[in-house]
Amino acid sequence: MRAFGPVPSRRLGQSLGINNIPPKVCTYSCVYCQIGKTIELSTQRQAFYTADDLAREVTEKVDELRKRQTKIDYLSFVPDGEPTLDRNLGKNIDRIRPLNIKIAVITNGSLLNREDVRENLQKADLVSLKVDAISNKTWLKTDRPHKSLDLKAILDGMLEFKAIFKGDIITETMLLKGMNDSHEEIKRIAEFLTTLKPQKSYISIPTRPTAVKGVLPASDQALNMAYQVFKETLPKAEYLIGNEGNEFGFSGNIEEDLLGITSVHPMREEAVKEYLKKAGADWDVITDLIRKGLLIGVEYQGKNFYLRKLPGKD
Ligand code: SF4
């Protein structure tokens, strides 16, 4: 089935996934890939499925969900590989457009220096781009690209796309321990993103088994540092460490609220105190969450922050 879900996504709400690439054809072979090893490392655009078949399957799924009154916020190309390798991508978007649901493409952006790819992606409402590294050495190590790819051309392609795209661009940066989590690399990524001006910049870590064994998520300290560095110049930086779809806000459940907020934004100690005051609670709530291993306190530039701790993450 080439249409699946809908799955709750913090970035996209209720997202009906479209799998337009067979497993696993990609331009990258990221060490942290959570859908397994790249089987075909390629930059060759191909037609994997006919636009008729794909549109029919997506339409059937949407009809079925509409009958059950299930909400769909986005139709999202989020395949078992790189979606822009599909030569029919533009045609596919045109064919599902009459369904009248916003369309997203989650791409690594590696083919954005090509005009035909930029043209195809312009048809979407939202495009998510991967920015894991700016220095060539780190990029080669982390994303393990096809040998014909060039990082400078990719980054230029992203900027070129941004200049013509009318929809929303969001970015995702996956942080890995000892690979791309140095202050210097993160600063360079933040500088590039500041020029790109995405609607939102997400910082994430792998939460499922990775393609290469021994690849570890960045430490809580590094995640917090990255968030603070991003925040200096990117007003819409968010921390994305799982817990997709967990909306936050004062719900009356203090523990749930705090865990929801801190899985998106590390909270300054003052903000936590302020929140507790409003909720009529005291610091014992925090002590308890730390004791249960759900929250962690880290320091950055002399200030204390609190972050949601992922189960099983050291
Ligand atoms: S770009 Fe995406 S699909 Fe391709 S290897 Fe990297 S994480 Fe996996």
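The values are calculated or read from the model by the stated rules, or taken from the named source; none is laboratory data. Since the model is a prediction, treat every value here as computed from it, not as a measurement. Using ideal geometry, Cβ is built from the backbone for each residue, glycine included, and neighbour counts are taken over all protein chains shown. Note: areas computed on protein heavy atoms with side chains; ligands, DNA, RNA excluded. Shrake-Rupley method; radii C 1.70, N 1.55, O 1.52, S 1.80 Å.
Scanning the stretch 139-149 for residues that are surrounded by 15 or more Cβ atoms within 10 Å (Cβ to Cβ) and more than 19 Å from the chain's Cα centre (by Cα), which turns out farthest from the ligand (Cβ to nearest atom)? Top of the filtered list is K141.
Of everything listed in (1) under 15 Å from the mean Cα position of the chain (by Cα); (2) away from the ligand (no atom under 16 Å from the Cβ); (3) open to solvent by 30 Å² or more (accessible area, probe 1.4 Å), the single unmet condition for T207 is (2).
Mind telling me which of the residues K71, K37, K91, K67 ends up being under 20 Å from the mean Cα position of the chain (by Cα) and of a type in the set (K, R)? Before you say what the answer is, go through the steps one by one.
Details: K71 fails: under 20 Å from the mean Cα position of the chain (by Cα); K91 fails: under 20 Å from the mean Cα position of the chain (by Cα); K67 fails: under 20 Å from the mean Cα position of the chain (by Cα).
Every option except K37 fails the conditions.
With respect to the stated conditions, V127 fails to be assigned to a helix (DSSP H, G or I) and within 16 Å of the ligand (Cβ to nearest atom).
The set of residues from the stretch 16-31 being more than 6 Å from the ligand (Cβ to nearest atom), in a loop (DSSP other than H, G, I, E, B) and surrounded by 23 or more Cβ atoms within 10 Å (Cβ to Cβ) comprises N20, I21, T27.
If you go through the stretch 154-173 and keep only what is free of Cβ contacts under 8 Å to residues at least 60 places away in the same chain and open to solvent by 30 Å² or more (accessible area, probe 1.4 Å), you end up with D156, L159, E160, K162, A163, I164, K166, D168.
Only one residue in M158, M179 is within 16 Å of the ligand (Cβ to nearest atom) and either part of a strand (DSSP E or B) or over 25 Å from N88 (Cα atoms) (or both), so which one is that? I'd like the intermediate steps shown before the answer.
Working: M158 fails: either part of a strand (DSSP E or B) or over 25 Å from N88 (Cα atoms) (or both).
Exactly one of M158, M179 is within 16 Å of the ligand (Cβ to nearest atom) and either part of a strand (DSSP E or B) or over 25 Å from N88 (Cα atoms) (or both), namely M179.
Just for the stretch 81-116: of the residues that are assigned to a helix (DSSP H, G or I) and open to solvent by less than 10 Å² (accessible area, probe 1.4 Å), which one is nearest to L155 (Cα to Cα)? Among those residues, the one meeting the criterion is T84.
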